[in-house]
Amino acid sequence: MGLDPALTAAITQTRRRLSAIAGSPNCGADDEIFQLSLAHVLLDGAYDGVVPLSEVLDHGDHGLGTVDRLDGELVVVDGVPWQVDFAGTARILPPHTLCPFVVLTTMQSPMRRRLTDCSRDDVLNHIDAMVGESGVIAAVRLEGTFRRVLVRSVPAQSPPYRPYAEVCATDEVRWDLKDFAGVFVGFRFPELGAEGGAIGGLHLHGLDDARSTGGHNYELEVRDAELTVSVTRDFAVGLPDRSMSDLLEMPAEVRATQRLLLRRGASTLDSLSSAMAVPLHEVEARLTWLVDRGFATSLTDAIGEWTEAPRWRATLRRSGARRTSTLTDLLLDE
């Protein structure tokens with residue numbers, strides 16, 4: 001499966017321009033941040049790879065993400081895609097590797113600052129000072145020597161996929177590395193709102209100089225490093241599945257219901273109503289929104305799965321043709 005060109009060109013968040021603020025650095029078209037898929041889709045458990053690296057890397061030479069089945073951390077440094085697996089081993093990935101989620105850019109006209117003897121929080125403060133405002137996206141590269149770094153990776157997952165937070169709580173492996181020399185690349189995103197399109201805050205993946213290990217960064221102590229920052233307001237989202245356009249429009253309360261179904265599995269109206277403390281008719285309206293778009297399935301519609309109390313379960317891929325209903329229209333009008 002490749003990217004849907006029509007969606008990439010026309011979707012609401014494609015080339016999303018954040019509010020302009022006078023006095024900030026100028027940004028050109030080449031500064032665009034490209035993101036494959038939506039962050040909350042990955043976090044809810046959509047780990048199957050959908051687009052090959054050969055296609056994704058057309059959008060930049062600096063970035064991070066993950067690969068098919070959440071198999072380790074993806075680090076893109078100087079155009080080369082590296083995987084750090086759950087054993088902490090780094091290797092170059094072949095072009096046909098499928099990815100479910102990637103963020104990339106090409107850093108243009110970056111600002112640079114030398115840092116010594118500072119923490120990760122200090123690094124973030126330096127980034128904020130260099131950027132000068134909170135409402136822009138900053139591509140970040142931090143390269144040099146570190147007294148210690150705390151990094152992690154996760155093993156490949158098997159269906160049915162659990163939410164990302166559960167995978168990290170049970171499966172992630174961490175390494176506390178001393179006297180680390182290497183590079184961390186990533187992004188500082190502003191909080192873009194409740195739609196879950198991107199992950200806010202500072203997110204870094206790294207590699208050592210020997211290109212032998214690395215991972216997703218939690219903590220670091222800089223000894224002597226160069227901080228490079230490039231700023232943009234352009235945020236493009238590539239959607240590999242036409243049904244993802246519906247996810248961009250999903251109301252927050254419907255998304256909460258979808259996540260509850262993912263965590264709990266097949267559930268009845270009564271159990272969902274009790275868990276969310278909302279009336280039955282509201283739960284039914286939310287489920288109708290999900291079912292109409294193929295993001296939930298009524299088990300009473302499936303042969304051999306009938307029970308006295310009808311149940312619903314969440315899906316992460318659209319199934320079947322889209323239907324319409326009055327309840328769906330009411331939800332969309334809110």
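The values are calculated or read from the model by the stated rules, or taken from the named source; none is laboratory data. Predicted, not measured: the structure shown is a model, and the values here were computed from it. Backbone-built Cβ (ideal geometry, glycine too); neighbour counts: all protein chains shown. The protein model used for the area step is the full one, side chains on, heavy atoms only, and it has no ligands, DNA or RNA in it. Shrake-Rupley method; radii C 1.70, N 1.55, O 1.52, S 1.80 Å.
Given charges of +1 on the Cβ of Lys and Arg and -1 on the Cβ of Asp and Glu, with all other atoms neutral, how large is the dipole of the range 74-143 about its Cα centre, in debye to the nearest 20? It would help to have the intermediate numbers written out before the result.
Numbers: 6 positive and 8 negative charges, 42 e Å.
It comes to approximately 200 debye.
Which order do Leu227, Leu177 take by accessible area at a 1.4 Å probe, largest first? The partial results should precede the final answer.
Details: Leu227 0, Leu177 45 Å².
Order by accessible area, largest first: Leu177, Leu227.
Sorted largest first, the principal axis extents computed over the alpha-carbon atoms of the range 47-184 equal 43, 33, 28 Å. A simple packing score, the average count of other Cβ atoms within 10 Å per residue, orders the peptides 215-223, 113-121 as 215-223, 113-121, with the highest score first. Our estimate of slack between Asp209 and Glu221, defined as 0.36 nm per intervening residue step minus the Cα-Cα distance, is 2.7 nm. Using a simple spin-label model with pseudo-atoms 7 Å out from Cα toward Cβ, Ala277 and Asp58 lie 4.9 nm apart. Using a probe of 1.4 Å, the accessible surface attributed to Phe180 totals some 10 Å² when neighbouring protein chains are kept in position. Residues Leu287, Leu280, Leu269, sorted by accessible area with the largest first, give Leu280, Leu269, Leu287 [1.4 Å probe; ligands and nucleic acids excluded].
The residues of the range 46-176 present an accessible area of 41 Å² per residue when probed at 1.4 Å with all protein chains retained.
Take the Cα of Thr89, step 7 Å toward its Cβ, do the same at Asp121, and the gap between the two points is 3.8 nm. A crude spin-label estimate for the pair Leu98 and Asp128, with each label 7 Å from Cα along the Cβ direction, gives 4.1 nm. Based on alpha-carbon atoms, the Kirkwood radius and the radius of gyration of the range 90-161 give Rg/Rh equal to 1.03.
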